[in-house]
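To start, the structure under review is shown below, and the notes come after it.
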Amino acid sequence: MIRLSEVDGAALVSAVAALKPGDCLEVGAGTYTVDRMWNIQVSGTAEAPIRIEPAKGARVVITRSDDKQNIVNIGQSAPVSYLVVRGIEFTGGSHGMRLGHCSDVWVDQCHIHHTGGPCITANSADTRRLYLTRNHLHDGGGHGEGMYLGGNEASVIMSESVIALNHVHDCAGSQGDGIEVKQGSWGNLVAENHIHDTQYPCITVYGTAGKPVNIIERNLCYRSTDNVMQVQGEAIVRNNILIAGKNAGFSSMDHQGKTLNLQVIHNTIINTGHAFSGRSWKGREGLVLANNILYSREGNALHFPSGSEGATLVGNVVLGAGDKHGQAVGRSLDQDLPELSWDGTKHDATPSAEAPFEQAERTRMLPADFHGAARSSAISGAVTR
């Protein structure tokens, strides 16, 4: 254990640069201002990772006096691996934390907020096995994303990573996605995040260009001035609760690749506009919409402007305007989901005892629900009774 008690940004930078495999730097309470370009270039091993974390009970804040640089970069000039950054607050600067040539890097329980750019980015080099967990991210500036992962047109790829249990909110700026996973990034798990009040979708995920699919599950997302969740394809989207988007609750369309191999199963999607919008769902391979609750107050429950021929649509319960595509029809939000509200102020998706939700197609049933409870009956939606 290495302890840093001198509350000085330069001392912190020097202490981090000196870390060796197996070291843990315990940082004393205080605000550390780092006004240089700070790039962490230390690596541990699988058996002996490097850890940077606060002393017990200490609040450690790292900041800058301007936004000319990111607060901290990791692996910008050479690979970094087996590094843990836990429990530290970052505020100010440009990007809060920028991950470069990183693999097996864990960012856990950090509070990153009121930055000049996105809170966390991994868009300057390929990354692999990132673990971004239990962080609190909000009020980023610039493009405004909570997390910007991968690069446009697969210029940079994130793979085999876990983005889980984060609280992301108040994402604005010029774009403002909560969590964005760019085209070509593959084999990632985006799970159990709580995301709300975003300008762009709470979660945006593109395609994998034929690599293993991304899995997006058990996320609670509400209040977006765009779509609540937008997934191009090559993904499994399951057990999510999506509420209150200005556009659609869930949207899927061609963007930097084609919509294909997308399974949307056992989600609860509630929206004043369209609940589900599949703009490029006609004649595409591997498209499944099964066992969802899809309620719209003023739009279509199912919106397929180009058609849905070839897609599998089974076991859904719908409410709203437009073609129901042979799916079961619900009663009303108040009757069927009394602890949900159209504006997202209530977001408990437990169905009422009388809700006509025993419509799930059994071969598509998932073994557990949004809460991890066993799904023993054929209840559609993210939460069983």
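The values are calculated or read from the model by the stated rules, or taken from the named source; none is laboratory data. On a predicted model such as this, the values are computed, not experimentally measured, just so you know. Using ideal geometry, Cβ is built from the backbone for each residue, glycine included, and neighbour counts are taken over all protein chains shown. Note: accessible area is taken over every heavy atom of the protein model, side chains too, but ligands, DNA and RNA are not part of it. Shrake-Rupley method; radii C 1.70, N 1.55, O 1.52, S 1.80 Å.
Quick one: is Lys258 over 17 Å from Val383 (Cα atoms), touching a strand residue (DSSP E or B) at 6+ places or on another chain (Cβ under 8 Å) and among the charged types (D, E, K, R)? So Lys258 fails the test.
Ala248 satisfies every condition listed in (1) over 23 Å from Gln183 (Cα atoms); (2) within 26 Å of the chain's Cα centre (by Cα); (3) in contact (Cβ under 8 Å) with a residue 40 or more places away in the chain except (1).
The criterion of being open to solvent by less than 10 Å² (accessible area, probe 1.4 Å), farther than 20 Å from Asn70 by Cα and of a type in the set (A, V, I, L, M) does not hold for Ile179.
Residue-wise test of (1) open to solvent by 40 Å² or more (accessible area, probe 1.4 Å); (2) modelled with pLDDT under 95; (3) within 26 Å of Gly372 (Cβ to Cβ).
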site: Ile163; (1), (2), (3): no, no, yes
site: His169; (1), (2), (3): no, no, yes
site: Gln183; (1), (2), (3): no, no, no
site: Thr204; (1), (2), (3): no, no, yes
site: Pro212; (1), (2), (3): yes, no, yes
site: Glu234; (1), (2), (3): no, no, yes
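Can you pull out every residue in the range 243-263 that is of a type in the set (S, T, N, Q) and outside any loop (DSSP other than H, G, I, E, B)? Passing the criteria: Ser251, Ser252, Gln263.
Across the range 103-116, what is the total count of residues that are farther than 19 Å from Cys24 by Cβ and either over 18 Å from the mean Cα position of the chain (by Cα) or modelled with pLDDT under 95 (or both)?
Total meeting the criteria: 4.
Summed over the range 121-145, residues that are closer than 15 Å to Thr198 by Cα and in a strand (DSSP E or B) total 5.
Looking at (1) assigned to a loop (DSSP other than H, G, I, E, B); (2) open to solvent by less than 20 Å² (accessible area, probe 1.4 Å); (3) more than 19 Å from Ile163 (Cβ to Cβ), find the lone condition where Pro118 falls short. Here Pro118 clears every test but (3). For the range 59-83, the set of residues classified as in contact (Cβ under 8 Å) with a residue 40 or more places away in the chain and among the aliphatic types (A, V, I, L, M) consists of Ile62, Ile71, Val80, Leu83, listed by residue number.
Here is a list: Glu285, Glu309, Glu361. Which entry is touching a residue at least 60 places away in the same chain (Cβ under 8 Å) and within 26 Å of Lys258 (Cβ to Cβ)? I'd like the intermediate steps shown before the answer.
Details: Glu285 fails: touching a residue at least 60 places away in the same chain (Cβ under 8 Å); Glu309 fails: touching a residue at least 60 places away in the same chain (Cβ under 8 Å).
Testing whether each residue is touching a residue at least 60 places away in the same chain (Cβ under 8 Å) and within 26 Å of Lys258 (Cβ to Cβ) leaves just Glu361.
Take Gln230 and decide whether it is assigned to a strand (DSSP E or B) and touching a Pro at 6+ places or on another chain (Cβ under 7 Å). So Gln230 fits the description; yes.
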